[in-house]
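All remarks here apply to the structure that follows.
The values are calculated or read from the model by the stated rules, or taken from the named source; none is laboratory data. Remember, predicted model here, so these are calculated numbers, not experimental data. Cβ coordinates were reconstructed from backbone atoms using ideal geometry, including for glycine residues, and neighbour counts include every protein chain displayed. Areas reflect the complete protein model, heavy atoms only, side chains present, ligands, DNA and RNA absent. Shrake-Rupley method; radii C 1.70, N 1.55, O 1.52, S 1.80 Å.
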Amino acid sequence: LCGSRFILVDPLDGTREFIKKRPEFTINIGLVEAGRPVFGVVYTPASGQLFATLATGEAAETHLPLDAPAADPATLSWTPLRTRRPDPGALVAVESYSHRSPETGDVLARLGASEVRRAGSSLKFCLIARGEIDVYPRIGPTCEWDTAAAHAVLSAAGGSVRTLDGRELAYGK
């Protein structure tokens, strides 16, 4: 058992992207309290994108190149993140480079997605938090360390992560 408060770290989310030399791999650090991710940091070393929760209900992104000297987060220029209201007639979805299945295609068809983009790692959650994407259906198993940090960022930006039966994804199982 984990306890009611714990940290999940994924030092290389998007291993397949990393191996294929795609820049969409991330480092994820998430804090979970009472089964819910409440703080998260998602860093993309290849591009220097940094997504984070700043406070309850507040998420933002900034640029921090890997070769930059140590920076005080308070001195960085942060851009607030906010999900958008989906337009059912022009739904934009994102799917995984590595985990597409026929079931995913069926869900995308049922949703009537007018556009489907592809992305790697936990960046899919961050694209929703940024308001570029409306939905990311994932059919199949996933590990808590893969999602906790980005889930926290997405939640703080106004989004949610749900199971197929509509419940909020829980942690510490």
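Some points to look at:
- Net dipole in debye of the chain [+1 Lys, Arg Cβ; -1 Asp, Glu Cβ; about Cα centre; nearest 20]: 260
- Applying 1/(1 + (r/R0)^6) with r as the Cβ-Cβ distance of L54 and R117 and R0 = 22 angstrom yields a FRET efficiency of 0.25.
- Taking each DSSP H run with n ≥ 4 as -39500 (n - 2.57) and averaging over every residue of the chain yields -5500 deg cm²/dmol at 222 nm.
- Global geometry of region 1-74, whether rounded, prolate or oblate, following the gyration tensor of its Cα atoms and the 1.5 cut on a/c: oblate
- Here semi-axes √(5λ) of the Cα gyration tensor in Å was calculated from the structure, and among [x] 28, 25, 12; [y] 24, 19, 17; [z] 46, 20, 14 it sits at label [y].
- Most positive-pole-ward Cα, T104, V135, S77, against dipole of the chain from beta carbon charges: T104
- Angle of helix 102-111 to the longest C-alpha principal axis of the chain, folded into 0 to 90 degrees and rounded to 10: 80°.
- When the solvent-accessible area of region 1-75 is split by element, carbon and sulfur atoms take up 62 percent of it, the probe being 1.4 Å.
- Region 1-95: trypsin sites (Lys or Arg not before Pro) in DSSP loop, at most 10 other beta carbons within 10 Å: K21
- Calculated FRET efficiency, L12 to D67, Cβ-Cβ distance, R0 = 22 Å: about 0.70 to the nearest 0.05.
- Spatial offset of region 1-33 relative to region 100-173 amounts to 15 Å, using the alpha carbon center of each.
- A probe of 1.4 angstrom, applied to the heavy atoms of all protein chains, finds R117 with accessible area near 90 square angstrom.
- Spacing of the two label points (7 Å from each Cα toward its C-beta) at R85 and T163, in nm: 3.1
- Tilt relative to the chain, helix 144-156 - C-alpha long axis, 0 to 90 degrees, to 10: 90
- Computed from the C-beta positions of A74 and R110, the FRET efficiency with R₀ = 41 Å rounds to 0.35.
- Added length on full extension, which subtracts the Cα-Cα distance from 0.36 nm per residue, K20 to E103: 27.4 nm
- Heavy-atom accessible area, probed at 1.4 angstrom with all protein chains present, ranks Y97, Y43 as Y97, Y43, highest first.
- Solvent exposure, largest accessible area first (probe 1.4 Å, DNA, RNA and ligands not counted), of S160, S4: S4, S160
- The heavy atoms of D10 offer some 10 square angstrom of accessible surface to a 1.4 angstrom probe.
- Heavy-atom accessible area for I19, with the other protein chains in place and a 1.4 Å probe, reaches approximately 120 Å².
- Neighbourhood charge, 12 Å Cβ-Cβ cut-off, centred on Y171 and excluding it, Lys, Arg +1 and Asp, Glu -1: -1
- Here K124 is the anchor, and the lysines within straight C-alpha reach of less than 20 Å, apart from those fewer than 8 places off in the same chain, are K20, K21.
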